[in-house]
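K.L.:
Below you'll find the structure I mean.
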Amino acid sequence: MSISRRILCQAYGLIAVLAFFGTWGHNFVYVHLGFFGCQGAMWRDSLINPAARSNTVDVAFFGLAVFICMILEARRLGMRGIWIYALFFIIVGISVSGPIFMINRERALAALDANASAGTLRRSDVVGLILGAVVVITYTIVLLYMTWS
Amino acid sequence: MNVSRRAVCQVYGLIAVLALVGTWGNNIAYLPEGFVSFQRTFWGGTLVNPSSRSITVDIFFFGLAIFAWMIMEARRLGIRYVWLYVLVSMTVATSVAVPVFMINRERALASRDTTSIAGTLSRSDVAGLIAMAIVMVAYTVVTLL
């Protein structure tokens with residue numbers, strides 16, 4: 001099935017908004033420490049046990065690989081301000097700035113090619129992605145409950 | 001400056017290897033417990049404080065956005081077994097599966113377009129990426145000590 005750029009951008013936008021609340025719903029605990037205090041406490045807490053360290057290393061290298069692809073795409077499509085996304089990776093969240101880049105990439109692609117379709121997916125792909133989203137959102141709610149309670 | 005597909009693939013390969021060592025060098029602490037207990041202890045360990053919970057949510061939503069793009073790229077370029085990368089992300093590490101997908105994407109692009117150039121980067125882009133990589137490798141070494 002064909003996926004329109006509009007629908008894809010709306011999905012990326014929804015992911016960015018949910019990711020912002022999902023991450024900063026935890027980060028706010030550190031905000032009263034000020035910018036440097038917040039950064040220090042967060043990174044110190046990320047080292048607390050092997051699982052937390054593994055996840056932090058995972059997101060860092062995952063981000064590096066995707067960011068290389070993002071820069072190559074940005075240079076190919078003439079997208080400006082690519083390093084602002086890298087800055088946002090660190091100070092806001094990789095899951096917020098990544099989808100915003102994807103929206104701007106779709107806009108840049110639409111400027112080159114007026115085709116409204118972003119690509120095609122099988123029905124099973126859409127079902128798989130929706131199931132993945134349901135699991136991620138449910139898990140996020142459970143984690144937010146843990147921080148807030 | 002032009003960046004060859006070969007150089008980009010070598011960098012992705014290096015990232016996958018470093019990520020495997022960095023993640024499983026930490027995960028190894030739970031291995032003696034067996035698969036089920038490993039999963040329980042590992043995921044329990046990611047819940048211990050707001051920072052570790054935030055990073056877990058961060059990787060999940062970023063993964064969701066990138067997997068949506070990966071699946072569309074796979075369908076466009078005819079890359080097979082794209083859901084296998086999702087499975088490897090969950091069972092090995094996202095930072096291992098995604099660079100391997102990127103390598104296969106470059107190979108698929110090369111088969112459509114015979115140019116050996118993956119794209120262009122400015123010298124400052126390369127310097128920035130090297131600086132980021134140094135910080136990440138240094139952090140990884142700290143986590144493994």
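The values are calculated or read from the model by the stated rules, or taken from the named source; none is laboratory data. None of these values were measured; they are calculated from a predicted model. Neighbour counts are summed over all protein chains in view; Cβ atoms, including those assigned to glycine, are modelled from backbone coordinates with ideal geometry.
K.L.:
Just a yes or no: is a residue in segment B:86-102 within 29 Å of A:Ser149 (Cβ to Cβ), crowded, with 16+ Cβ neighbours inside 10 Å and at pLDDT 90 or above?
P.N.:
Scanning segment B:86-102, I find at least one residue that is within 29 Å of A:Ser149 (Cβ to Cβ), crowded, with 16+ Cβ neighbours inside 10 Å and at pLDDT 90 or above, so the answer is yes.
K.L.:
Filter segment A:15-45 down to residues that are among the β-branched types (Val, Ile, Thr) and out of contact with any Phe, Trp or Tyr (no Cβ under 6 Å at 6 or more places or on another chain) and give me whichever is surrounded by the most Cβ atoms within 10 Å (Cβ to Cβ).
P.N.:
A:Thr23
K.L.:
Run down B:Ile55, B:Ile15 and say which single residue is part of a helix (DSSP H, G or I), within 10 Å of another protein chain (Cβ to nearest Cβ) and touching a Leu at 6+ places or on another chain (Cβ under 8 Å).
P.N.:
None of the other options fit; the residue is B:Ile15.
K.L.:
Scan segment A:94-105 and give yes if some residue there is more than 10 Å from every other protein chain (Cβ to nearest Cβ), surrounded by fewer than 24 Cβ atoms within 10 Å (Cβ to Cβ) and out of contact with any Phe, Trp or Tyr (no Cβ under 6 Å at 6 or more places or on another chain), otherwise no.
P.N.:
yes
K.L.:
Out of all the residues in segment A:107-149, which are acidic (Asp, Glu) and either surrounded by fewer than 17 Cβ atoms within 10 Å (Cβ to Cβ) or under 30 Å from B:Pro50 (Cβ atoms) (or both)?
P.N.:
Once the filter is applied, which keeps residues that are acidic (Asp, Glu) and either surrounded by fewer than 17 Cβ atoms within 10 Å (Cβ to Cβ) or under 30 Å from B:Pro50 (Cβ atoms) (or both), segment A:107-149 yields only A:Asp113.
K.L.:
Please verify whether A:Ala16 is among the small types (Gly, Ala, Ser) and more than 7 Å from chain B (Cβ to nearest Cβ), treating the condition exactly as stated.
P.N.:
yes
K.L.:
Looking only at segment B:89-109, which residues are assigned to a helix (DSSP H, G or I), touching a residue at least 12 places away in the same chain (Cβ under 8 Å) and farther than 17 Å from A:Leu129 by Cβ?
P.N.:
B:Ser95, B:Val96, B:Pro99, B:Val100, B:Met102, B:Ile103, B:Asn104, B:Arg105, B:Glu106, B:Arg107, B:Ala108, B:Leu109
K.L.:
Which of the numbered conditions does B:Phe38 fail, given that it passes all the others? Conditions: (1) buried (at least 21 other Cβ atoms within 10 Å of the Cβ); (2) more than 7 Å from every other protein chain (Cβ to nearest Cβ); (3) at pLDDT below 95.
P.N.:
Unmet for B:Phe38, out of (1) buried (at least 21 other Cβ atoms within 10 Å of the Cβ); (2) more than 7 Å from every other protein chain (Cβ to nearest Cβ); (3) at pLDDT below 95: (1).
K.L.:
Which condition from (1) more than 17 Å from B:Ala97 (Cβ to Cβ); (2) touching a helix residue (DSSP H, G or I) at 6+ places or on another chain (Cβ under 7 Å) is the one that B:Gly44 breaks?
P.N.:
With (1) more than 17 Å from B:Ala97 (Cβ to Cβ); (2) touching a helix residue (DSSP H, G or I) at 6+ places or on another chain (Cβ under 7 Å) applied to B:Gly44, the lone miss is (2).
K.L.:
Out of curiosity, is B:Val48 within 7 Å of another protein chain (Cβ to nearest Cβ), of a type in the set (A, V, I, L, M, F, W, C), in a loop (DSSP other than H, G, I, E, B) and surrounded by 14 or more Cβ atoms within 10 Å (Cβ to Cβ)?
P.N.:
Considered against the rule, which asks whether it is within 7 Å of another protein chain (Cβ to nearest Cβ), of a type in the set (A, V, I, L, M, F, W, C), in a loop (DSSP other than H, G, I, E, B) and surrounded by 14 or more Cβ atoms within 10 Å (Cβ to Cβ), B:Val48 comes out as yes.
K.L.:
How do the pairs read when you match residues in segment A:7-19 that are within 10 Å of B:Leu64 (Cβ to Cβ) with residues anywhere that are modelled with pLDDT under 95 and not in a helix (DSSP H, G or I), using Cβ under 7 Å and keeping only pairs 6 or more apart or on different chains?
P.N.:
A:Ala19/A:Gly93
K.L.:
When you scan segment B:70-79, do you find a residue that is assigned to a helix (DSSP H, G or I), within 30 Å of B:Phe35 (Cα to Cα), at pLDDT 95 or above and not basic (Lys, Arg), even just one?
P.N.:
yes
K.L.:
Go through segment B:110-136 and give me each residue that's part of a helix (DSSP H, G or I) and loosely packed, with under 15 Cβ neighbours inside 10 Å.
P.N.:
Those that are part of a helix (DSSP H, G or I) and loosely packed, with under 15 Cβ neighbours inside 10 Å: B:Ser111, B:Arg112, B:Arg123, B:Ser124, B:Val126, B:Ala127, B:Ile130, B:Ala131, B:Ile134, B:Val135.
K.L.:
Can A:Ile48 be described as buried (at least 23 other Cβ atoms within 10 Å of the Cβ), farther than 21 Å from B:Val17 by Cα, facing chain B (nearest Cβ under 7 Å) and without any contact (Cβ under 8 Å) to a residue 24 or more places away in the chain?
P.N.:
no
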